[in-house]
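Below is one structure, written out as structure tokens, with a few remarks after it.
The values are calculated or read from the model by the stated rules, or taken from the named source; none is laboratory data. Worth saying up front: this structure is predicted, and the values here are computed from it rather than measured. Note that we place each Cβ from the backbone using ideal geometry, even for glycine, and neighbour counts take in every protein chain shown. The protein model used for the area step is the full one, side chains on, heavy atoms only, and it has no ligands, DNA or RNA in it. Shrake-Rupley method; radii C 1.70, N 1.55, O 1.52, S 1.80 Å.
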Amino acid sequence: DVPGVTTALKPISAADYAFVDPDVLARKAAFGTAVHRLIELDCLGVLDVEDLDDDLRPYYGAWREFLARSGFQVILSEHKFGSRRYRYAGQLDLFGSLNGIRSMVDAKCVVVVQDTTGPQTMAYTNLVREARPDLLPAGAPCRRYALQLRPALGGGETARWRLVPFTDDAGDWRLFLASLTVTHHLRRKIK
């Protein structure tokens with residue numbers, strides 16, 4: 001049993017949400033899961049758009065607009081990997097090609113993208129490098145983004161979606177490894 005990426009980052013992400021009502025967090029998490037599922041089903045070509053919940057429709061529209069405008073080509077969606085070397089696992093949101101460059105994209109339905117998304121996407125990038133060097137060879141560039149999906153806000157070309165880049169690969173990887181080390185330590189103490 002190894003920790004997941006989000007579990008390893010929980011000590012850091014918990015600080016961002018310390019003052020948010022737990023019931024609100026639970027509802028938002030459930031909604032985010034539903035949006036991730038609709039993206040996954042759309043990538044598989046089996047999403048029943050007619051059956052979508054009205055609350056999800058704007059996010060589906062934002063997702064489809066992102067694909068159309070950005071040209072992002074999905075290679076992997078909601079794919080699970082594990083690292084033998086670092087003893088962690090994770091389920092990435094999206095890995096593909098954006099403007100001909102390999103890219104890791106984490107879909108978010110939040111008002112503000114949290115800083116922990118940088119280490120999160122770096123951890124997923126490492127998982128792909130380790131498990132699928134055919135898709136992401138050692139040393140090959142991989143850009144990392146949060147895809148912020150939101151209902152139409154009016155005005156502006158990208159009002160329904162926004163890509164937030166993460167460029168500090170070394171710093172994000174160090175932060176993830178530090179969090180992972182603490183997580184492994186705490187798990188040993190509990191046993």
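The string of couplings for segment 64-76 from the Karplus curve (6.51, -1.76, 1.60, θ = phi - 60°) is 5, 5, 4, 4, 5, 7, 8, x, 4, 10, 6, 9, 10 Hz, one whole number per residue in order, with x for Gly and Pro. In percent, rounded to a whole number, the relative contact order of segment 62-191 is 23, using alpha-carbon pairs under 8 Å and six or more apart. As a ratio to 2.2 N^0.38 Å, the alpha-carbon radius of gyration for segment 1-136 is 1.10.
Rolling a 1.4 Å probe over the protein heavy atoms leaves His36 with an accessible area of roughly 40 Å².
In this structure segment 52-172 gives 48 Å² per residue of accessible area when probed at 1.4 Å with all protein chains present.
Ignoring ligands, DNA and RNA, please state the percent of accessible area on the chain from carbon and sulfur, probe 1.4 Å.
Carbon plus sulfur share of accessible area: 53 percent.
About its Cα centre, segment 3-52 has a charge dipole of approximately 320 debye under the convention of +1 per Lys or Arg Cβ and -1 per Asp or Glu Cβ, with nothing else charged. Asp51 contributes about 120 Å² of solvent-accessible surface, heavy atoms of the protein only, 1.4 Å probe. In the chain, helices alone account for a calculated mean residue ellipticity at 222 nm of -14500 deg cm²/dmol, with every DSSP H run of four or more residues adding -39,500 (n - 2.57).
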